[in-house]
Amino acid sequence: MKRFGTTHDGRVVHQVTIGAGDLSATLLTWGAVVQEVRLAGVTHSLTLGSDTLADYLGPMRHHGALIGPIANRIRTARARIDGMVYELERNQDERIHLHSGDQGTHRQIWQVDECGADSVTLSLDLPDGMCGLPGNRRITARFGIEAPATLRMDLTGTTDATTLMNFANHSFWNLDGTADFAGHRLWIDARHYLPTDADDCPTGEIAETAETAYDFTTARAIGPRRPALDTNFCIARTNRPLQDVLRLTGKSGVSMTLGTTSPGVQVYDARHAQRPGKGPYEGLAIEPQYWPDAPDNPHFPSIKVTAGTGFAQTTTWRFAR
């Protein structure tokens, strides 16, 4: 573990590198960011990161970060929990709640609980009222490398009051190290997706992917705007055992297979998520999570968490050449 940088208010951010077999990953205590993922024989990082903390404090605030306690959008920026209405930060067009706002887990320094050659465990406490939600919450994220080339993330969340949790890793991926993701091939084991409106919020419809631009049940090539992607793919109606649900393959032959226990995967084409000096569409954000805007759509899987149930999510990224 080594010092990576210092925030504007003087807090130190550390960097941790773990590895096993042919894979290594570098993480930051700022936002539990996955900064780099490197595969033996490949000269570039497979995820889009930065060597400068200022980038993560500013334009790259979502790159590689663990977003929570509520990832994605809440259209009305409010949530009803046990008869009480909680007002959330309106940080998209002053109307919509996006990625838990400025107090979200991606804007916090996480504590290093354990650190070894092939794993690191980070934790964060969210006091009652933080991010507009009830409950004293503790979030734990264990990242581990499993040989030959798998990165695994195990998340748990506890609370002393009923609250909402929907966490997502927000890493952007480009397996070729190119200016954009054109020519990558994408497979997703999803027969339904959520159509969205002009605000990128779900309309409430659960649509079939068949015979649409969002049918990736057979792997096919993608590119910028082919199709436009800021889309939740519906994997299931609730958490389920860990299962491979998505595969991204570069023109170089490098592939990433995503496994998750989550019922949805959001895929975003980075149209408005440029790294400094880079252009749009550089990589794909692939975010296992519950379906977005669940509080406004009671027919979606619930993101309500109680003191008795807690939150759990496992995600794996398996790489090959």
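The values are calculated or read from the model by the stated rules, or taken from the named source; none is laboratory data. Nothing here was measured: the structure is a model prediction, and the numbers come from that model. Every residue, glycine as well, gets a Cβ built from its backbone with ideal geometry; the counts of neighbours run over all protein chains shown.
Restricted to strands (runs of 3 or more DSSP E) entirely inside segment 119-201, those with at least 1 residues that are acidic (Asp, Glu) are 119-126, 137-146, 150-159. Each residue in segment 1-48 was checked for being free of Cβ contacts under 8 Å to residues at least 40 places away in the same chain and on the phi > 0 side of the Ramachandran plot, and 1 pass.
Looking across segment 186-202, just one residue is in contact with a strand residue (DSSP E or B) (Cβ under 6 Å, 6 or more places away or on another chain) and of a type in the set (Gly, Ala, Ser), and that is Ala190.
Per-residue answers, yes or no, for (1) farther than 21 Å from Gln289 by Cβ; (2) charged (D, E, K, R):
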{"position": "Asp199", "(1), (2)": "no, yes"}
{"position": "Ile206", "(1), (2)": "no, no"}
{"position": "Glu211", "(1), (2)": "yes, yes"}
{"position": "Arg220", "(1), (2)": "yes, yes"}
{"position": "Pro224", "(1), (2)": "yes, no"}
{"position": "Pro227", "(1), (2)": "no, no"}
{"position": "Cys234", "(1), (2)": "no, no"}
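Determine whether segment 212-231 contains at least one residue that is under 22 Å from Thr47 (Cβ atoms), surrounded by 20 or more Cβ atoms within 10 Å (Cβ to Cβ) and under 18 Å from the mean Cα position of the chain (by Cα). Checked segment 212-231: at least one residue is under 22 Å from Thr47 (Cβ atoms), surrounded by 20 or more Cβ atoms within 10 Å (Cβ to Cβ) and under 18 Å from the mean Cα position of the chain (by Cα). Pull up segment 16-55, narrow it to residues that are among the hydroxyl-bearing types (Ser, Thr, Tyr) and touching a Ser or Thr at 6+ places or on another chain (Cβ under 7 Å), then point me to the one that is farthest from Leu284 (Cα to Cα). Here the answer is Thr17.
Consider segment 249-273 and keep the residues that are more than 18 Å from Asn72 (Cα to Cα), out of contact with any His (no Cβ under 6 Å at 6 or more places or on another chain) and not hydroxyl-bearing (Ser, Thr, Tyr). The one that is surrounded by the most Cβ atoms within 10 Å (Cβ to Cβ) is Met256. Looking only at residues of segment 237-248 that are touching a Gly at 6+ places or on another chain (Cβ under 8 Å) and surrounded by fewer than 18 Cβ atoms within 10 Å (Cβ to Cβ), we find that the one that is nearest to Thr218 (Cα to Cα) is Asp244.
Identify, please: which residue in segment 127-156 is surrounded by fewer than 23 Cβ atoms within 10 Å (Cβ to Cβ) and small (Gly, Ala, Ser) and is, among those, nearest to Trp30 (Cα to Cα)? Ranking the qualifying residues of segment 127-156, first place goes to Gly144. For segment 97-113, the count of residues that are touching a Ser or Thr at 6+ places or on another chain (Cβ under 7 Å), closer than 16 Å to Gly129 by Cβ, β-branched (Val, Ile, Thr) and in contact (Cβ under 8 Å) with a residue 24 or more places away in the chain is zero.
Restricted to strands (runs of 3 or more DSSP E) entirely inside segment 215-321, those with at least 3 residues that are of a type outside the set (Asp, Glu) and under 20 Å from Asp154 (Cα atoms) are 243-249, 255-260, 264-268, 284-289, 311-320. Within segment 262-295, the set of residues being touching a Cys at 6+ places or on another chain (Cβ under 8 Å) and of a type in the set (Asp, Glu) comprises just one member, Asp293. Looking for whichever is closer than 21 Å to His62 by Cβ, surrounded by fewer than 23 Cβ atoms within 10 Å (Cβ to Cβ), modelled with pLDDT of 95 or more and touching a helix residue (DSSP H, G or I) at 6+ places or on another chain (Cβ under 8 Å) here; the options are Gln108, Gln103. Which one fits? After applying the criteria, what remains is Gln103. Of the residues screened, Arg73 is not one that is surrounded by 17 or more Cβ atoms within 10 Å (Cβ to Cβ), within 21 Å of the chain's Cα centre (by Cα) and under 30 Å from Thr17 (Cβ atoms).
Looking across segment 279-301, the residues that are crowded, with 17+ Cβ neighbours inside 10 Å, over 16 Å from the mean Cα position of the chain (by Cα) and of a type outside the set (Gly, Ala, Ser) come down to Tyr281, Glu282, Pro295, Asp296, Asn297, Phe300, Pro301.
Can you confirm whether Thr26 is of a type in the set (S, T, N, Q) and within 24 Å of Gln313 (Cβ to Cβ)? Yes.
Checking the conditions here, which among Asp51, Asp55, Asp93 is farther than 25 Å from Ala312 by Cα, without any contact (Cβ under 8 Å) to a residue 40 or more places away in the chain and surrounded by fewer than 18 Cβ atoms within 10 Å (Cβ to Cβ)? Criteria check complete, one pass: Asp51.
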